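First the structure, in the form of structure tokens, and then the observations on it.
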Amino acid sequence: MTTHVVSLFLPYTVDFHESKSNQTSPQRPAPPKLADLDRKPSVSSSIRSKHDEQPVSLLKRAPPSHIQLPKTPMRMLELEDIFTPGQPSAATHFPKPADPRGLVRSDAHVPDWGASGLFFNQPQSRAEPTPPDTILEYAKAQERAQAQKERMKAPQTGKPTTDPRWATEYTVVPAVQGNGGLSNAVRAAIDNKSIKDVLTVGLIGFPTDSLNEEKKNEIYEKLEEEHEALTVFVSDKDFDGHYAHYCKTILWPVFHYIIPDHPKSKAFLDHSWVFYVKVNQAFADKVVKGYKRGDIIWIHDYHLCLVPQMIRQKLPDAQIGFFLHTAFPSSEVFRCLAARKELLDGMLGSNLVAFQTPEYAHHFLQTCSRILSVEATEDGVQLENRFVNVWSSPIGIDPRALALAREEPEVLEWIQTMQKRYEGKKVIVARDKLDSIRGVRQKLLAFELFLNKNPQWKDKVVLIQVATSTTEDTELAATVSEIVTRIDAVHSTLTHNPLVFLRQDIAFSQYLALLSIADALAITSLREGMNLTCHEFVICQDGRASTKKHSPVILSEFTGSASIFEGADLAVNPWDYNNIAEAFRIALEMTDEEKERRYAKLRNMVMHHTGDFWVSNLSNHLAKVHEEQFKRDTMSIPRLSSNNLARAYENSGKRLFILDYEGTLAAFGSVSNTILTNTERVVDVLNDLVADEKNAVYVMSGLTVQGTELVFDRIRGLGLIAENGCFYREGYSDDWTQFPDEEKTVKWKESVKPILQYYVERVEGSWVEERHCSLIFHYERTHDNESSSRHAGDCANHINDACEQQRVKAIPSKDSVIIEPVDFDKGTAAQHIFSRYPESARPDFLFVAGNDRSDEGVFRWAKQLKDKGTVTNVQTVTVGDRNSVALSTLTNGTTGLLSALAKLAKIHTSS
């Protein structure tokens, strides 16, 4: 049994050996030398004559397109003395470069396709420029492209040439881009034998159009044989449209509560969505091709939302899990996506959809209910014929491997260097992507406010902000540049500079050293799925006595990590600058006792929620829900054996029957017009069962008390359950028992009716049916089904949010929304009936029949009685075609059920 770990990038890439004939290959800089650290360059040696306020240490690393931030001369000395740019070599970024499975940085912060080309000798993308956003410009561009194609139709002669740079030998190396947290977690799980036989599936990490098929096949075979990795090859154009233009421009912002302007342009969506689909299909095809019966498939992150459903179409019985590493927004935000339904359907192809926190899982359930008009329970989503579980489990790090990496000689030397450089000062550390989501601007403004409000700290604190480059955001870069310059101008002195701002990444050894010597960590993300930097900080704060600090964590409340630290961090609202500034002060002035108390709690959480635990937790839960779903599938539920049923019936002393009406005893129609198609036969069968003094027979219905009496009053001795469990009446009695409180019922109806009226006015042909303890919003008569279904989802979502405290739930279906009490259903009514029997006189035979979701509560209750041994013979049967927890099924529906009941009735008659 193999576990397929499917993510956008493989944990490996390829470094081509440079050809002697190639004199134009980019030369990679050498790793930093500690001997150079004490060098004190003059101001003039640290600058370029053309840009006399920019340090060489920034310019020599950043791509030309990146905007550089102006620095003061003092800043140049700080940077040149202490930090060198992150070196683009495997040796710098990975403690064990010879081992492709070695520890990597949890957040690689290298988002660009082909960015690994800055680190290794690799091809660059051949993708064409992005199409214009506006429809008019897009149309003109299409015309030009078509004209170009016409000109290129002339026959070409000769064989295509291959760039000699990529025909050379190569070395498989650890990748510098991709999901480092996932790679570390999987590696830790393998090392600890939590999982085995892992097959990774993903892209190679660089554009591949420059490679011929022979070289691609060679790389594919090498990775498969030596590294158990399946490489997905897509064209540069497909990936560029998928990643840069759909994932990063549309999905990433929306998942982080930012609505981009681009979806307003039909042209842009036409350009990017098709590539998202194509890349997802390529991944699905690769997984399907390598799949063997019994394999487990785990698909990771928002780049591959469509893959689960694509695989499900080819492998209907496969065990598929999907984990979203980012945040998942509220339904109000997610619904802004044009392809919202396709994305949800894609994710729901899984058996288990998992998230970092319960909040994200709740948002997903709410969104499915609202957009797809499906029933969403706390455990998952009920689709038409199967159930999809929804769960949350936060990812973690590998503390053991990180602690070992921190003890590397290079890291310890960096620790000593930084301790010496910042002796007598408090150091606040931060490392973020410089984008609109990580809150770097908010953090700098709050730090400026802290310095203004706390002049006593002016010469005693340093904020070191590492801001790794991303796709260019000129407006943000300009704003940050202005803030940095202002802080330098106002608060810097000849001997001290309170802000070190690095527009670049730093080496892994420097990163670990920086976390080790910090007096506080500051993370002010506006929204983030998790933040493993704070987990790594906690581990780096422990260790040898000389470096053990146990400093506090300043953490945005909008990160997933904040939800698991349970108040041990200093939680801040990134939009409240006073709040962050105060957190800086508290962190710096915190007593040792308070630090120890908070740190102990932080460390316990980090050591519990490890990457290994996360992998095994997800694997176990997926196996559990897959087995449950398999048992509930109608193809897996065994047929009801009438002979076995008859024997159990005949050998029992006291029997209880609980039978559903709509769709079970009667042909299924709409909620309001189910009728008995064969009145005499049903009446005869029920009368025969009731006639046996050993039998107690109850019929369940969604109809009102009056409606239920109208149908079944002719059968004396028949117990009745009306309005889906809100009322019940014993046989031979005319008195009904109402379970919901009348006063509370009237109160919640008064709250719900205005909401329903709002939607009735907007959905033509819709209407509201009022029952005593429930309300039903009908829209089966409407003509625009898509619009009606969308309004129904909104209606259910609105009511569930507004009336949660009143214990009322709204359940959307194909043609109606049912609003009913949370605490009372058919299951609670059945439980009440059973509780009326003295323990010594309980039935030893229980038969329950139903067909839809409202009957599942009774099935679960009956199964519990069977599992506990409370009732000797328990038979639950579903006559529907949906998944169910019933123990048996009848494929011939109501006819088969009536035949089986008639057979039991004859046993009494013959005896």
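Give the peptides 895-901, 875-881 in descending order of average Cβ contacts within 10 Å, highest first.
875-881, 895-901
Arranged by the count of other C-beta atoms within 10 angstrom, fewest first, what order do 872, 708 take?
872, 708
Counting pairs of alpha carbon atoms under 8 Å apart in space and at least six apart in sequence, what relative contact order in percent does segment 399-609 give? Before the final figure, lay out each step's value.
Values: 355 pairs, mean separation 51.8, N = 211.
It comes to 25 percent, rounded to a whole number.
Full-extension gain between residue 379 and residue 226, please, as 0.36 nm times their residue separation minus the C-alpha to C-alpha distance. Intermediate results must be reported in sequence, preceding the final value.
On the way: separation 153, 0.36 × 153 = 55.08 nm, distance 4.02 nm.
Between residue 379 and residue 226, full extension yields an extra 51.1 nm.
On a full-extension model of 0.36 nm per residue, what is the gain between residue 413 and residue 801, subtracting their alpha-carbon distance, rounded to one decimal in nm? Before the final figure, lay out each step's value.
On the way: separation 388, 0.36 × 388 = 139.68 nm, distance 5.57 nm.
Full-extension gain reported as 134.1 nm.
I need the calculated FRET efficiency for the pair residue 459 and residue 641, taking r as the beta carbon distance and R₀ as 56 Å, to the nearest 0.05.
The value I calculate is 0.05.
Sort 756-769, 817-830 by packing, meaning the average of other beta carbons within 10 Å per residue, with the highest value first.
Answer by packing, highest mean first, reads 817-830, 756-769.
Per 0.36 nm of contour for each residue apart, how much would the distance between residue 628 and residue 594 grow if the chain were fully extended, relative to their Cα-Cα spacing? Walk me through the numbers before you get to the answer.
Numbers: separation 34, 0.36 × 34 = 12.24 nm, distance 4.63 nm.
That works out to 7.6 nm of additional length.
Need one word for segment 424-524: rounded, prolate or oblate. Basis is the Cα gyration tensor (sqrt eigenvalues a ≥ b ≥ c); a/c below 1.5 gives rounded, then a/b vs b/c decides.
Judged from the Cα gyration tensor, segment 424-524 comes out oblate (a/c at least 1.5, b/c at or above a/b).
In nanometres, what is the gap between the two model label sites at residue 586 and residue 747, each 7 Å from Cα along Cα-to-Cβ?
Placing both labels 7 Å beyond Cα along the Cβ direction yields 3.6 nm.
R0 = 60 Å: FRET efficiency of residue 494 with residue 209, Cβ-based, nearest 0.05?
On the way: r = 54 Å, r/R0 = 0.90.
Result of the calculation: an efficiency of 0.65.
Which listed residue (525, 577, 550) has the Cα farthest towards the positive end of the charge dipole for segment 399-609, taking +1 on Lys and Arg C-beta and -1 on Asp and Glu C-beta about the Cα centre?
550
Take 803, 540 and order them by how many other Cβ atoms sit within 10 Å, fewest up front.
803, 540
Once the dipole of segment 742-821 is set up with Lys and Arg at +1 and Asp and Glu at -1 on Cβ about the Cα centre, which of 789, 765, 802 lies farthest towards its positive end?
My answer, from the dipole projection, is 802.
Let me check against my output: what whole-number percent is the relative contact order of segment 404-464, with C-alpha pairs under 8 Å and at least 6 apart?
Computed value for segment 404-464: 45 percent relative contact order.
With a ≥ b ≥ c taken as the square roots of the eigenvalues of the C-alpha gyration tensor of segment 399-609, please select rounded if a/c is under 1.5 and otherwise prolate if a/b is larger than b/c or oblate if it is not?
Rounded.
Counting pairs of alpha carbon atoms under 8 Å apart in space and at least six apart in sequence, what relative contact order in percent does segment 742-821 give?
After rounding, I find 30 percent.
So, R0 is 22 Å and r is the distance between the beta-carbons of residue 709 and residue 681; what FRET efficiency does that work out to, to 0.05?
Details: r = 20 Å, r/R0 = 0.93.
Calculated transfer efficiency: 0.60.
Between segment 757-797 and segment 459-527, what is the separation of their alpha carbon centroids in Å?
Taking the Cα centre of segment 459-527 as reference, the centre of segment 757-797 is 54 Å away.
Are any of the pairs 654/863; 341/866; 749/814; 749/826; 631/744 more than 30 Å apart by Cα-Cα distance, and if so, which?
Numbers: 654/863 18 Å; 341/866 40 Å; 749/814 23 Å; 749/826 21 Å; 631/744 39 Å.
From the list (654/863; 341/866; 749/814; 749/826; 631/744), the Cα-Cα distance tops 30 Å for 341/866; 631/744.
What is segment 667-804 by shape, rounded, prolate or oblate, if you read a ≥ b ≥ c off the alpha carbon gyration tensor as root eigenvalues and call it rounded for a/c under 1.5, prolate for a/b larger than b/c, and oblate otherwise?
oblate
Roughly what would the spin-label model give for residue 768 and residue 892, points 7 Å off Cα along C-beta, in nm?
4.5 nm
Could you check what % of the DSSP bridge pairs in segment 353-425 are antiparallel, to the nearest 5?
Taking every DSSP beta bridge within segment 353-425, about 60 percent pair in antiparallel fashion.
For the peptides 732-741, 626-635, 851-860, 324-333, what is the packing order when you average, over each peptide's residues, the other Cβ atoms within 10 Å and list the highest mean first?
Ranked from most to least packed, the peptides come out as 851-860, 324-333, 626-635, 732-741.
None of the figures in this text is laboratory data; all of them are computed from the coordinates on show. Note that this is a predicted model, so its numbers are computed, not measured. All Cβ positions, even for glycine, are placed from backbone atoms using ideal geometry, and neighbour counts span all protein chains on display.
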